[in-house]
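What follows draws every value from the coordinates through simple rules; no lab data is involved. In this text, all values refer to a predicted model and were calculated from it rather than measured experimentally.
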Amino acid sequence: MALSYKYVAVGNGVRTDHPIPDLPFVDDCSLPLDDPDAIEAIGRKSGGQTWGRTDRCKDGGWVAFATDPVREDLGWVVRWHPEHGRSVVLYRDDEVAGAYMSYEDEALLFRAGYWWDGATWYRPSQLFDQAREIYVNRPVPAALTISAADLLDNAVADRGQTLSVDDVDLEHPAYAEAGRRWRDDLAAWAAGHGGGRHLAGCVVHLTAPELAADQLLGVAELAEVAGIGASTLRAYLARGEGEVPLAQATVGGRSMWSRPVAEDWAETRRRSREGVARTMADHDHGNLSVGVARLWEYLTNAFAIDLWDRDGNRKRFALRWRTKAAVREVAHDVAWTAAASLDRIIPLGDLGATIRAAVLFEFADWQRTQSTEEVSYPINHAIARMLDWLIQHKPELARAIVAEIVGEAERGLGIPPAVTGFSLHQALALDGKLPGEDPYAAFLDLALPPDN
């Protein structure tokens, strides 16, 4: 599944098979690289704030991490694969556990957010398919792997160096020094590389048309793709908010992103709770959901009638308040109290679970009575109307329920997500109460699984 990766490594272990560009090579002699349990044990010291863990991977390899035994502000991640060797990467200790989890499944290594599974390069995993509970992994078209062997021309091993852990400066990268060249360090690493792996099989980076310099986007362009202001994006970057993906390059001190990564981030924002809520927002009522705004308006009118049009109630108001406009203002406030209490009026979580169970029962019952494979499944009118009500009043909860329906239908009943999505869309078109031509399209576009 490959977890979303947002961590910045600070060094390569000297015994890595896959060096990360522009990071120093750091002595990793403290790590027993052939024993993941021993690596874990390094970090599990008593009496300190150190950590360690190891897990087996589905590909027959393993991943382990540990706080460095000398510097507790640093930690190591080691990912080993039986065919592709190992990555040994140094991180800040407060990021090492999160980085470790990103390696637990398919990913063997990461470069600027992109990741490689031993055969294919994928874009950063940003889009989450709630129905299947996995990230959507999108391959990089025409990607080519750059190996260590491709980068050694004109490099001088005698000028390269290896750092001790004590020498790692988190504030001042080694290559800020005048005259320092990473390729010289790479050549020194290659000269001492004793892992038995040919340098052509030591992955350093990737190249692809979408990563060409003239295709990359700066902050202003990324903000435009995402539909936000450049100042908002800068604030996100400064505060570490907004789940902004890692930049693919730094040019002249400026972060740059590939357009597909930017578009995936924009789609992720559209599919967020806030994005789904916007598809059912009533802009005339402060972007409340359509259902809540209508309920507020209905109760305002109902309370105004109760407070003004009924003689027994009207005389209760003091003389200076005896105007219909003044009473309507009071009614408007009273009505909001009722509209804002929707969760108390109706148990929305229970309603969502009931709708999910009802739809899945409809699908299973139809399968029992029909012998042919279906392109769509009918849904009872009452169930469809309740789903419509939930979409209008609590779109973010409805999105989760739709995802659960799609996921359970596929896992339990063998119904493809596209068929379930079409069935739900059809039921809402027939029984939903929203006016207009296909008023549910925007909601379902975000609630149903993204395309691969």
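Computed quantities for the displayed model
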read-out	value
Spatially proximal aspartates and glutamates relative to LYS324 (Cα-Cα < 20 Å; intrachain offsets below 8 disregarded)	GLU297, ASP306, ASP309, ASP311, ASP333
Cα-derived Rg to Rh of the range 11-204, Kirkwood definition	0.96
P(r) of the range 297-452 over all Cα-Cα pairs, binned every 10 Å from zero, in whole percent	10, 32, 23, 15, 12, 7, 2, 0
Phi-based couplings in Hz for the range 145-159 (Karplus 6.51, -1.76, 1.60; Gly and Pro marked x)	8, 9, 9, 4, 4, 6, 10, 8, 4, 6, 8, 10, 4, 5, 8
The range 212-270: mean projected area of Cα convex hull, nm²	3.7 nm²
Partners for LYS58 among aspartates and glutamates (Cα-Cα distance below 13 Å; same-chain residues under 8 apart left out)	GLU104, ASP105, GLU106, ASP117
J(HN,Hα) series, the range 198-209, from Karplus relation 6.51 cos²θ - 1.76 cosθ + 1.60, nearest Hz, glycine and proline x	5, 4, 5, x, 9, 6, 10, 7, 10, 9, 7, x
If the convex hull is drawn through the Cα atoms of the range 266-311, its volume per residue in Å³	56 Å³
Gyration tensor (Cα) of the chain, equivalent ellipsoid semi-axes in angstrom	54, 27, 21
Extended-chain gain in nm, criterion 0.36 nm per residue less alpha-carbon gap, LYS324 and ALA340	3.4 nm
Backbone HN-Hα couplings from phi across the range 182-194 [Karplus 6.51/-1.76/1.60, Hz, Gly and Pro as x]	5, 5, 5, 5, 4, 5, 5, 4, 4, 5, x, 6, x
